[in-house]
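Following: one structure in structure tokens, then a few remarks.
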Amino acid sequence: MRRGHQRRRRRGDVRHGALLLLAEGPQNGYGIIRELAERSGGTWRPSSGAVYPALSLLEDEGLIGPAEDAGPKHYQLTDAGRAEVELLADRPTPWDDATEEATSRLGGDADLWKAFGEAAMAVRAVVQTGDPAAGTAATAELVALRKRLYGLLADAGD
């Protein structure tokens, strides 16, 4: 989907996602944003304007605290945060939920859309390096992939 045209996630999804990620180990806000996007295959990319206030609220609630050993502005779960994660165990992860929602809206298969999102994130990484040779090689790969995908459609009619 084009940026700015993403469907809003349910209230509490950023909170839930941050808690689940912090249950795996300390992270900073940027790491949480990046990990949520990666785990959803790019179908959900919460903004810093959603993540940082959620982290602040979680800290105010006593569910997370600073993880000084991990680096500046890294957070970790408190005992209360670990208990909260246990309460959320029966809910689907918000990144899986986002992928399923995108699939139902766009049709097709969740794995296909997740792979597409991951490929788009890889293209973005190539662009961000600013390496012209990598950009040229990535363009050639995408052109070849497009041709192979249309070949799959042509073969499907047989």
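Entry comment: accessible area of the range 40-100 is 55 Å² per residue, from protein heavy atoms only and a probe of 1.4 Å. Extension gain for ALA83 to ALA119 (0.36 nm times residue separation, less C-alpha to C-alpha distance): 9.4 nm.
Taking a quarter of the surface of the Cα convex hull of the range 17-158 gives a mean projected area of 11.4 nm².
The values are calculated or read from the model by the stated rules, or taken from the named source; none is laboratory data. A quick note: this is a predicted structure, and the numbers were derived from the prediction, not measured. Side chains are part of the model used for accessible areas, which takes the heavy atoms of the whole protein and leaves out ligands, DNA and RNA. Shrake-Rupley method; radii C 1.70, N 1.55, O 1.52, S 1.80 Å.
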